[in-house]
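See structure below.
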Amino acid sequence: MNVDKKELMELFSNKRDIVLMVDGLKVWFPLKRGLSDILKGRPQRFVRAVDSISFFVREKETFCLAGESGCGKTTTGKSLLRLVPVTDGVGLFRARKETLEDLKKNGVNVDGEDYVDIFAIHPKKMKPVRRDIQIIYQDPYGSLNPRYKILDILKEPLEIHKFQLTEEEKLETVYRALETVKLKPPEDFVDRHPHQLSGGQRQRIAIAKAIIMNPKIVVADEPVSMLDVSIRAEMLELLQTIKRERGLSYIFITHDLAVSRYICDRIAIMYLGRIVEMGDTRRIIENPLHPYTKALVAAIPEPNPSNRLRMRDVPIKGEIPSAANIPPGCRFHPRCVEYEKNIENLKSKCPLQDPPYYVAEDGRLVNCWLFEGNKKIEKAHASFIM
Amino acid sequence: MALTAVLEVENLSTSYYTFRGMVKAVEKVSFKLEKEEILGIAGESGCGKSTLAWSLMGLVPPPGRVVEGSVKIDGIEVLNLSESERRKKILWEKISMIFQGAINAFNPVYTVGYQLAEPFIYHKNYSKKEALEKVKELLKMVGLNPEIEKRYPHELSGGMKQRAVIAMALALEPSVIIADEPTTALDVVIQSQILNLMKKLKQDKKLSFIFITHDMSVIAEMADKVAIMYAGRIVELGPSEIIFNRPYHPYTSALIRSIPRLRGPIEKLQYIPGEPPNLISPPPGCKFNPRCQYAEELCKKEEPGFVEVEKGHFVRCWKYDSGKQSSGGAIK
């Protein structure tokens with residue numbers, strides 16, 4: 001165990017209101033090497049989908065990962081359930097007692113009293129943790145098995161995790177979950193197949209399936225973006241109610257900043273596998289500091305008809321590069337208009353060195369050289385907590 | 001300046017004849033599109049907005065067909081034309097369409113330039129060389145490097161492909177361009193660039209667009225005039241400012257209050273209880289009545305007419321229909 005992790009664990013033990021702390025998470029997918037690459041001794045190349053990010057989630061909090069497609073937000077969410085191979089990182093998670101006991105029974109080395117490093121567990125031994133961390137997928141048409149009845153879909157997690165429940169108790173649990181997601185009366189739904197339900201109802205089933213295990217964290221991957229606007233608000237309200245009643249935390253993954261402003265407490269804006277700005281959701285959206293966040297906020301259309309009379313000015317250049325070919329230095333500098341404006345002052349920084357995190361006035365973190373005068377954070381994790 | 005309508009649609013109805021029954025996907029739709037105007041058509045999935053677009057193009061997929069009504073493009077009644085006449089004279093030359101998901105519909109084995117050149121070769125009998133010259137002009141117009149005509153579709157990014165698709169729709173300088181969800185698959189930054197491009201083209205080339213999307217914010221960004229569709233009908237049609245700032249129809253106002261906003265105070269988001277109706281067996285009376293908080297007895301029995309409540313502003317709701325106009329009335 002390296003010193004860093006020890007330090008982290010000490011911090012984490014003292015901060016009881018934090019359920020999950022991720023530090024230096026990397027998910028790199030290796031690219032195929034051709035024969036000539038091997039013969040010429042070219043180094044292995046990687047798609048750096050998530051490239052060293054750190055964040056934490058408080059209890060009963062909605063934490064948002066936002067960004068454009070390909071920024072690594074979904075990969076981050078999946079890595080928490082170990083659905084993608086994790087290259088590096090520490091993920092301390094305050095699990096339930098039973099979960100920790102089951103992990104110990106399976107021979108997993110549980111480092112803390114009431115927490116475990118989820119990235120150190122072998123993926124095959126992750127099963128008990130998946131009770132505590134559940135996921136809701138974006139597409140309710142693809143995430144439910146079309147051959148199963150709703151009852152079977154909802155009973156499956158109970159059976160997989162072998163809770164000591166009788167058939168009746170299982171049924172009771174399923175009914176209660178259906179009532180929680182406001183599919184009433186539940187008897188009407190248990191015998192149906194997914195194709196007999198509308199999109200909104202299916203997404204409710206997906207939510208019921210996620211919460212039936214009483215998890216501590218639910219990763220919600222764009223849970224409303226496939227739904228019509230008129231029912232979207234209802235679904236968001238349902239998610240909020242469930243959160244309050246069950247005291248869980250959400251990791252809310254979205255590309256829609258307007259939605260995140262309504263339901264998220266804190267937000268992390270991602271660009272090419274890196275968090276570029278992180279802090280209070282409303283403050284970041286109403287007054288973005290990082291040049292990328294500025295462009296992202298400026299690009300979002302608003303329901304104001306006078307906008308049609310003018311062109312929208314989005315301060316960004318070019319297109320997003322491939323994650324296999326991340327620019328050196330600050331990964332945003334080739335598209336950054338601030339860099340272009342101050343090229344004389346910044347040319348020794350932006351294209352050469354990766355920026356550290358700086359703390360802005362209101363306590364948010366900005367990953368940009370423009371804030372060089374501010375307090376610098378060497379290890380991003382420590383700052384969030386202190 | 002006297003405005004001239006480039007597209008006049010009156011009482012257009014389109015139905016799908018499925019085994020389970022007749023689906024009236026578009027029912028008695030009437031509107032006009034003036035020159036250099038953008039009409040936004042908004043509605044939830046399944047409300048008939050894409051079917052309406054296909055009906056205007058004469059491309060309704062079987063088992064659907066246009067049942068009644070009239071569509072006049074530049075004064076020509078197109079519903080009476082035979083399919084081959086329509087193909088030769090109307091499609092792409094008078095009316096063209098940017099299809100939903102068209103960026104994935106490029107043929108991967110031909111260059112982008114060749115695919116863009118096809119309309120010139122088949123419609124205008126240009127030689128291949130002449131056509132490619134025209135293609136280069138087109139690409140420049142949509143803000144692309146003309147050199148990309150030699151590239152294959154997989155070599156372009158999503159935003160570049162969307163620009164190429166727009167170029168294709170503009171090729172023969174049609175009077176009307178229908179854009180069906182042109183930015184839905186794109187990220188917001190690219191979306192704003194594409195919307196800017198379409199605004200610029202509208203001004204420079206004096207184009208008329210029909211812009212179809214489920215995203216009310218995008219409609220606000222583009223449309224001069226907005227039509228809100230519900231269950232195959234236009235329930236409200238009017239200038240953009242009126243629709244967004246003081247809508248009349250209960251559905252429109254609920255829809256607008258359900259949009260999460262990026263600025264201003266955070267108010268509780270409203271939603272519309274229930275779900276859109278099944279169009280095989282729609283509810284009697286006003287199609288919105290089961291979800292409407294103002295629904296009365298009359299709403300459950302009879303369908304309201306399409307009434308002009310002020311100049312250029314039409315509503316299909318009993319609150320504003322005094323019964324003077326016959327139901328399903330056309331624009332006078």
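The values are calculated or read from the model by the stated rules, or taken from the named source; none is laboratory data. Please read these numbers as outputs of a predicted model, since none were measured by experiment. Cβ placement follows ideal geometry from the backbone for every residue including glycine, while neighbour counts extend to all protein chains displayed.
A few comments on the model shown:
- Wholly enclosed helices (runs of 4 or more DSSP H) of the stretch A:252-317 bearing at least 1 residues surrounded by fewer than 18 Cβ atoms within 10 Å (Cβ to Cβ): A:281-286, A:291-299
- So residue A:377, is it touching a residue at least 24 places away in the same chain (Cβ under 8 Å), touching a strand residue (DSSP E or B) at 6+ places or on another chain (Cβ under 7 Å), β-branched (Val, Ile, Thr) and more than 14 Å from chain B (Cβ to nearest Cβ): no
- All helices (runs of 4 or more DSSP H) inside the stretch A:74-180 with 2 or more residues being closer than 30 Å to residue A:30 by Cβ: A:127-132
- Number of the condition not met by residue A:80 [criteria: (1) under 30 Å from residue A:294 (Cβ atoms); (2) surrounded by fewer than 22 Cβ atoms within 10 Å (Cβ to Cβ); (3) out of contact with any helix residue (DSSP H, G or I) (no Cβ under 8 Å at 6 or more places or on another chain)]: (2)
- Flag for residue B:234 being crowded, with 20+ Cβ neighbours inside 10 Å, touching a Ser or Thr at 6+ places or on another chain (Cβ under 6 Å) and of a type outside the set (S, T, N, Q): no
- Criterion violated by residue A:222 - all others in (1) acidic (Asp, Glu); (2) more than 14 Å from chain B (Cβ to nearest Cβ); (3) within 18 Å of the chain's Cα centre (by Cα) satisfied: (2)
- Residue in the stretch B:254-266 that is β-branched (Val, Ile, Thr) and under 30 Å from residue B:168 (Cβ atoms) present: no
- In the stretch B:14-25 there is no residue matching the filter, namely being out of contact with any Gly (no Cβ under 6 Å at 6 or more places or on another chain) and closer than 19 Å to residue B:207 by Cβ.
- The set of residues from the stretch B:182-208 being among the basic types (Lys, Arg) and over 17 Å from the mean Cα position of the chain (by Cα) comprises B:200, B:205, B:206.
- Residue count for the stretch B:240-259, restricted to those that are over 23 Å from residue A:231 (Cβ atoms), more than 8 Å from every other protein chain (Cβ to nearest Cβ) and of a type outside the set (D, E, K, R): 1
- Residue list for the stretch B:35-54, restricted to those being under 26 Å from residue B:204 (Cα atoms) and either among the basic types (Lys, Arg) or within 14 Å of the chain's Cα centre (by Cα) (or both): B:35, B:37, B:38, B:39, B:40, B:41, B:42, B:53
- Count - residues of the stretch A:229-264 that are within 13 Å of another protein chain (Cβ to nearest Cβ) and charged (D, E, K, R): 5
- Matching residues in the stretch B:59-108 - criterion: being of a type in the set (A, V, I, L, M) and farther than 19 Å from residue B:163 by Cα: B:59, B:60, B:66, B:67, B:71, B:73, B:76, B:78, B:79, B:81, B:90, B:91
- Matching residues, the stretch B:159-182, being among the small types (Gly, Ala, Ser), in contact (Cβ under 8 Å) with a residue 40 or more places away in the chain and in a helix (DSSP H, G or I): B:164, B:167, B:169
- Helices (runs of 4 or more DSSP H) fully within the stretch B:43-150 that include at least 1 residues being within 14 Å of another protein chain (Cβ to nearest Cβ) and in contact (Cβ under 8 Å) with a residue 24 or more places away in the chain: B:49-57.
- Counting only helices (runs of 4 or more DSSP H) that sit wholly inside the stretch A:324-386, those with at least 3 residues that are surrounded by 13 or more Cβ atoms within 10 Å (Cβ to Cβ) and modelled with pLDDT under 85 are A:380-385.
- Sole exception among (1) at pLDDT below 90; (2) closer than 27 Å to residue B:51 by Cα for residue B:260, by number: (2)
- Against the list (1) surrounded by fewer than 24 Cβ atoms within 10 Å (Cβ to Cβ); (2) over 20 Å from residue B:171 (Cα atoms); (3) among the aliphatic types (A, V, I, L, M), the condition residue B:207 fails is (2).
- Conditions (1) buried (at least 20 other Cβ atoms within 10 Å of the Cβ); (2) away from chain B (no Cβ under 14 Å); (3) acidic (Asp, Glu); number of the one not met by residue A:188: (1)
- Total residues in the stretch B:15-42, condition over 17 Å from residue B:5 (Cβ atoms), in contact (Cβ under 8 Å) with a residue 60 or more places away in the chain and either touching a His at 6+ places or on another chain (Cβ under 6 Å) or polar (S, T, N, Q) (or both): 1
- One residue stands out in the stretch A:267-312 among those that are more than 9 Å from chain B (Cβ to nearest Cβ) and among the charged types (D, E, K, R): the one that is farthest from residue B:225 (Cα to Cα), namely A:274.
- Extreme residue, farthest from residue B:242 (Cα to Cα), among residues of the stretch B:16-42 that are within 14 Å of chain A (Cβ to nearest Cβ) and part of a loop (DSSP other than H, G, I, E, B): B:20
- Screening residue B:186 with (1) in contact with a helix residue (DSSP H, G or I) (Cβ under 8 Å, 6 or more places away or on another chain); (2) more than 7 Å from every other protein chain (Cβ to nearest Cβ); (3) not in a loop (DSSP other than H, G, I, E, B) gives one miss only, at (3).
- Yes/no for residue A:170 being of a type in the set (Lys, Arg), over 27 Å from the mean Cα position of the chain (by Cα) and within 14 Å of chain B (Cβ to nearest Cβ): no
- Only residues that are modelled with pLDDT of 85 or more, more than 21 Å from residue B:15 (Cβ to Cβ) and either away from chain A (no Cβ under 14 Å) or assigned to a loop (DSSP other than H, G, I, E, B) (or both) were counted across the stretch B:274-301, and they come to 11.
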